[in-house]
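Read the structure below first, then the notes.
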Amino acid sequence: MAQLWGGRFTKETDALVYRFNQSIGFDRRFFEQDVRGSMAHVRMLAKQEILTEEEKEQILAGLSDILRDVADGSCVITEEYEDIHSFVEAELTRRIGEAGKKLHTGRSRNDQVALDMRLYLRDEIDETAELLQSLLVTVERIMEENKRTYLPGFTHLQKAQPVTLAHHMGAYFEMFRRDQMRLFSIRERMNECPLGSGALAGTTYPLDRAYTASLLGFDAPCANSMDGVSDRDYVIETLDAMAIMMMHLSRLSEEIIIWNSHEYRFIELDDTYSTGSSIMPQKKNPDIAELIRGKTGRVYGALMSMLTMMKALPLAYDKDMQEDKELTFDALDTVKGCLHLMEGMLRTSRWNTERMEKSALGGFANATDAADYLVRKGVPFRDAHSVIGRLVLTCIRKNCSLDELPLADWKAECPAFEKDIYDAISLPSCVNRRLTTGAPGAMEEEIFRSRRYLRQAEEKLAEIQHEKEQAGASVF
Ligand code: ARG
């Protein structure tokens, strides 16, 4: 048992207590962030003449060596330590002696862990935003390629009005765009540095908190030291954004599952993204889409756990907050995996455009357009609605679609119908007449805006990357 705080104690910790309290099994995940934070802290301490230049150089060299040795496997993070912070400090002191013991000057594990979690989450948010970008690019490509691929739009899972695949996928583009923007805005809000908050009340050393913050790529230090060590709202916001993302992914998954069914066959998943059955030789199952749909519950669970764990915690630090890690890590892994797989599944799928078009022609998806035809001839919409309703009944009786109904039947219901009704209810007319902003006839404009968004997001991602590299260069 290696503990940082043995001085006050006269007995060894009970073995079960030690294991229950220990976090190294999971906080080792942010080993790299922990070392990065320590390097920035030490640079600041030396700048403020709290440590000598020599001590600083010794500590930085020691920390670099540990980073390298852990990366190449020659130094192993073992469960013999309470947490990752204890491991780094003990390993440093073992390597460089006295100077290592000065690393923790003006710092507490409370502000240290708050920093590590922020640094880690910020990196994860950036990675997730990149994955969303790839997904958006793929969705946008499907939109471009399917401006004239007709399919029924559904409400209540009943055929409603004809749309295009570009339009349908455009809806997902918007959802994933907002998911990405949500991440950008969370990142901005959380980009304040808790280091220097100490245990809760700052320190008596003349720390330059703004300097540490800038070394680590933060916009500023957290304004209040108690808040700095206490709050985890950025974790909750991130999980909230992840939960919403999973909700979007699960809706798309559900549609893929339905569309991939034998009854629909709108889409065919690639062999590389499907699985078979151990007993039924004919099966090709959409397991990946089902798993994405299924894993959504897990991410919702993480959000609810975090909200519940944080509820009513008195200020400032409480050990309950150690529970923020495992479920957050699991949620992040889950979401990143799902984004990755959804992108690949969409990119490799084959769209069965003929089946979609055939389906759009059946089921009276163009009934509203037939009513609109009469409105253009001066018939009030309510009357037109009931005329078409009766014509739909005729079609059901004759087992045909509106397109196949002879003109005589149309005229029998209302003399205003002419030969051009067939053109008015054709799929291209139904779509092309819907020109209001955001409608399937206005896809050129929507695709133009989507492309512009993608370019802006690409720039934003590059800028974030650049800032991080600069900050990295000033610390390592
Ligand atoms: N493992 C702890 C956590 O995750 C680190 C902070 C410990 N601080 C303390 N006062 N015991 O929250």
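Got at least one residue in region 279-290 being under 24 Å from Thr155 (Cβ atoms) and outside any helix (DSSP H, G or I)?
There is at least one residue in region 279-290 that is under 24 Å from Thr155 (Cβ atoms) and outside any helix (DSSP H, G or I).
Kindly indicate whether any position in region 364-381 is more than 16 Å from the ligand (Cβ to nearest atom), surrounded by 15 or more Cβ atoms within 10 Å (Cβ to Cβ) and on the phi > 0 side of the Ramachandran plot.
yes
Scan (1) of a type outside the set (A, V, I, L, M); (2) part of a loop (DSSP other than H, G, I, E, B); (3) within 16 Å of the ligand (Cβ to nearest atom) for the single condition Gly73 breaks and write down its number.
For Gly73, the exception is condition (3).
Taking into account only those residues within region 117-138 that are open to solvent by less than 10 Å² (accessible area, probe 1.4 Å) and of a type in the set (A, V, I, L, M, F, W, C), which is farthest from the ligand (Cβ to nearest atom)?
Filtering first and then ranking leaves Leu136.
Which of the residues that make up region 139-166 are among the hydrophobic types (A, V, I, L, M, F, W, C) and surrounded by fewer than 22 Cβ atoms within 10 Å (Cβ to Cβ)?
Just the residues of region 139-166 that are among the hydrophobic types (A, V, I, L, M, F, W, C), to begin with: 139, 142-143, 151, 154, 157, 160, 163, 165-166.
Once the filter is applied, which keeps residues that are among the hydrophobic types (A, V, I, L, M, F, W, C) and surrounded by fewer than 22 Cβ atoms within 10 Å (Cβ to Cβ), region 139-166 yields Ile142, Phe154, Leu157, Ala160.
Is one or more of the residues making up region 185-195 surrounded by fewer than 22 Cβ atoms within 10 Å (Cβ to Cβ), touching a strand residue (DSSP E or B) at 6+ places or on another chain (Cβ under 7 Å) and not in a helix (DSSP H, G or I)?
Yes.
Between Ala370, Ala360, which is of a type in the set (A, V, I, L, M), more than 30 Å from Asn260 (Cβ to Cβ) and touching a residue at least 24 places away in the same chain (Cβ under 8 Å)? Reasoning before the result, please.
On the way: Ala360 fails: more than 30 Å from Asn260 (Cβ to Cβ).
Only one candidate passes the filter, namely Ala370.
Are there any helices (runs of 4 or more DSSP H) wholly within region 397-476 with 3 or more residues that are open to solvent by 80 Å² or more (accessible area, probe 1.4 Å), and if so which? Lay out the reasoning, then the answer.
Working: elements: 407-413, 421-424, 427-432, 443-475.
Where helices (runs of 4 or more DSSP H) fall fully within region 397-476 and carry at least 3 residues being open to solvent by 80 Å² or more (accessible area, probe 1.4 Å), they are 443-475.
Please name all residue pairs, on different chains or six or more residues apart, with Cβ atoms under 7 Å, provided the first residue is in region 13-42 and is without any contact (Cβ under 8 Å) to a residue 24 or more places away in the chain and the second residue is open to solvent by 20 Å² or more (accessible area, probe 1.4 Å).
Matching pairs, first to second residue: Thr13/Met1.
Inside region 1-31, can you point out the residues that are open to solvent by 40 Å² or more (accessible area, probe 1.4 Å) and either near the ligand (Cβ under 10 Å from one of its atoms) or outside any helix (DSSP H, G or I) (or both)?
Once the filter is applied, which keeps residues that are open to solvent by 40 Å² or more (accessible area, probe 1.4 Å) and either near the ligand (Cβ under 10 Å from one of its atoms) or outside any helix (DSSP H, G or I) (or both), region 1-31 yields Met1, Gln3, Leu4, Trp5, Phe9, Thr10, Lys11, Glu12, Asp14, Asn21.
Give the residue, chosen from Ala114, Ala90, that is modelled with pLDDT of 95 or more, within 16 Å of the ligand (Cβ to nearest atom) and touching a Gly at 6+ places or on another chain (Cβ under 7 Å). Before the answer, list the steps.
On the way: Ala90 fails: touching a Gly at 6+ places or on another chain (Cβ under 7 Å).
Just one listed residue meets the conditions, Ala114.
Scan region 76-87 for residues that are crowded, with 16+ Cβ neighbours inside 10 Å and away from the ligand (no atom under 13 Å from the Cβ) and report the count. It would help to see each step written out before you state the result.
Here is the first cut: in region 76-87, the residues crowded, with 16+ Cβ neighbours inside 10 Å are 77, 81-87.
Now restrict to residues that are away from the ligand (no atom under 13 Å from the Cβ): 77.
Matching residues across region 76-87 total 1.
Yes/no matrix, rows are residues, columns are (1) buried (at least 16 other Cβ atoms within 10 Å of the Cβ); (2) in a helix (DSSP H, G or I); (3) out of contact with any Ser or Thr (no Cβ under 7 Å at 6 or more places or on another chain):
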residue: Met246; (1), (2), (3): yes, yes, no
residue: Glu263; (1), (2), (3): no, no, yes
residue: Thr272; (1), (2), (3): no, yes, no
residue: Lys295; (1), (2), (3): yes, yes, no
residue: Gly301; (1), (2), (3): no, yes, yes
residue: Ala312; (1), (2), (3): no, no, yes
residue: Thr334; (1), (2), (3): yes, yes, yes
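The values are calculated or read from the model by the stated rules, or taken from the named source; none is laboratory data. A quick note: this is a predicted structure, and the numbers were derived from the prediction, not measured. So basically every Cβ, Gly included, is an ideal-geometry build from the backbone, and we count neighbours across all protein chains shown. In case anyone asks, the SASA skips ligands and DNA or RNA and just uses the protein heavy atoms, side chains included. Shrake-Rupley method; radii C 1.70, N 1.55, O 1.52, S 1.80 Å.
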